[in-house]
Amino acid sequence: MTKRRLKKLLIRWSFIIVVFSTLLYGHKTVIRYGYKAYRYIQQNRNQRNLVNHVNFPQAYSVHGIDISRYQPDLDWSTLKAVDVDNDTVQFQFVMIKATEGLFWEDPTFEDNWNDARKYKVIRGAYHYFKPSASAKLQAKNFINSVDLKSGDLPPVVDIEEMGKSNKKELVTSLKTFISLIEKEYGVKPIIYSNINFIEDYLADDFSNYKFWVAHFYVDDLKISSGIKWLFWQHHDKAHLLHSSANYDVNVFNGSSSDLKKILVR
């Protein structure tokens with residue numbers, strides 16, 4: 001083999017090793033910046049100034065949104081919407097998707113998490129739970145991604161599907177996940193799901209935990225009296241000022257001072 005050919009071969013293999021190492025050890029960074037570029041292109045292509053005025057429940061004064069990679073970048077300085085009466089609604093907290101399943105971290109999580117802190121918006125992080133996957137590895141995924149600070153909301157587990165599990169298996173797996181999260185952060189996690197899933201599969205076995213309930217397009221949340229809930233996700237198509245993207249919007253079951261009482265100390 002000639003020196004020239006050997007040199008080309010070494011360069012080629014060096015490039016392959018660098019790419020492989022980047023994907024193996026820096027895949028989250030690669031995904032994060034790749035997704036940022038994609039979002040920038042999409043936002044500029046679809047930019048409009050439409051505003052969807054939704055009905056916000058009148059009995060609640062503390063409002064928030066939840067976000068993931070499915071929403072465009074936020075203007076954190078104006079986290080507001082307009083209701084059907086043309087009144088401005090200010091959002092005081094934000095729930096941010098952190099992880100899903102065994103290994104996935106939402107590519108927008110790190111930016112959203114840091115920006116919420118920067119703009120002094122009360123923030124919470126949630127994990128999308130897969131009942132058929134290892135609860136221990138899922139807990140590790142969340143713990144490796146989320147560094148909770150004083151003033152953050154308790155961690156949230158989002159459970160919406162049975163997978164291949166029956167109820168007993170689902171409950172056992174979810175309890176394993178929750179116990180590991182609780183041990184790590186020293187605070188009880190909040191459980192998110194839709195109202196039917198909570199009442200059918202979770203209420204009896206997780207009576208000592210608080211819930212974040214999804215129930216859309218109704219004026220009031222009518223849920224079984226034994227279920228303790230903190231947050232109600234009441235609409236999924238609200239628009240923020242200067243954005244035509246759809247956002248999930250929520251209310252907190254209490255006052256601003258009540259919200260501060262449940263924050264991580």
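The values are calculated or read from the model by the stated rules, or taken from the named source; none is laboratory data. Being a predicted model, the structure only gives us computed values, none of them experimental. So basically every Cβ, Gly included, is an ideal-geometry build from the backbone, and we count neighbours across all protein chains shown. In case anyone asks, the SASA skips ligands and DNA or RNA and just uses the protein heavy atoms, side chains included. Shrake-Rupley method; radii C 1.70, N 1.55, O 1.52, S 1.80 Å.
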Worksheet entry | Identity of the residue in region 184-213, of a type in the set (S, T, Y) and touching a residue at least 60 places away in the same chain (Cβ under 8 Å), that ends up nearest to M162 (Cα to Cα) | Y192
Worksheet item: Residue check: is G124 assigned to a loop (DSSP other than H, G, I, E, B) and over 18 Å from L174 (Cβ atoms)?
Response: no
Item to complete: Identify all residues within region 61-73 that are out of contact with any Asp or Glu (no Cβ under 9 Å at 6 or more places or on another chain) and open to solvent by 40 Å² or more (accessible area, probe 1.4 Å); write none if there are none.
Response: S61, Y70
Discussion item. Filter region 123-136 down to the residues that are touching a residue at least 60 places away in the same chain (Cβ under 8 Å) and touching a Gly at 6+ places or on another chain (Cβ under 7 Å) and list them by number.
Written reply: none
Practice prompt. Return a yes/no flag: does region 90-107 have any residue that is open to solvent by 10 Å² or more (accessible area, probe 1.4 Å), over 17 Å from the mean Cα position of the chain (by Cα) and closer than 17 Å to N246 by Cα.
Written response: yes
Fill in: Which listed residue, of F231, F177, is under 18 Å from A139 (Cα atoms) and crowded, with 21+ Cβ neighbours inside 10 Å
F177
Worksheet item: So which pairs qualify, if the first residue must be in region 94-117 and under 27 Å from V62 (Cβ atoms), the second must be surrounded by fewer than 22 Cβ atoms within 10 Å (Cβ to Cβ) and among the basic types (K, R), the Cβ gap must be under 6 Å, and the two must be at least 6 apart or on different chains?
Response: D106/R69; T108/R69
Worksheet item: Taking region 182-220 as the region of interest, how many residues are part of a helix (DSSP H, G or I) and either more than 26 Å from D152 (Cβ to Cβ) or open to solvent by less than 60 Å² (accessible area, probe 1.4 Å) (or both)?
Response: 10
Fill in: Number of the exception - A133 against (1) over 25 Å from S179 (Cα atoms); (2) surrounded by 14 or more Cβ atoms within 10 Å (Cβ to Cβ); (3) in contact with a helix residue (DSSP H, G or I) (Cβ under 9 Å, 6 or more places away or on another chain)
(1)
Item to complete: Evaluate region 234-250: report whether one residue or more is modelled with pLDDT of 95 or more, small (G, A, S) and either more than 22 Å from V84 (Cα to Cα) or under 17 Å from the mean Cα position of the chain (by Cα) (or both).
Response: no
Worksheet, complete the sentence: Counted residues in region 57-105 being assigned to a strand (DSSP E or B) and of a type in the set (G, A, S) come to 3
Item to complete: Give just the number: which of (1) over 30 Å from D258 (Cβ atoms); (2) buried (at least 19 other Cβ atoms within 10 Å of the Cβ) does K164 not satisfy?
Response: (2)
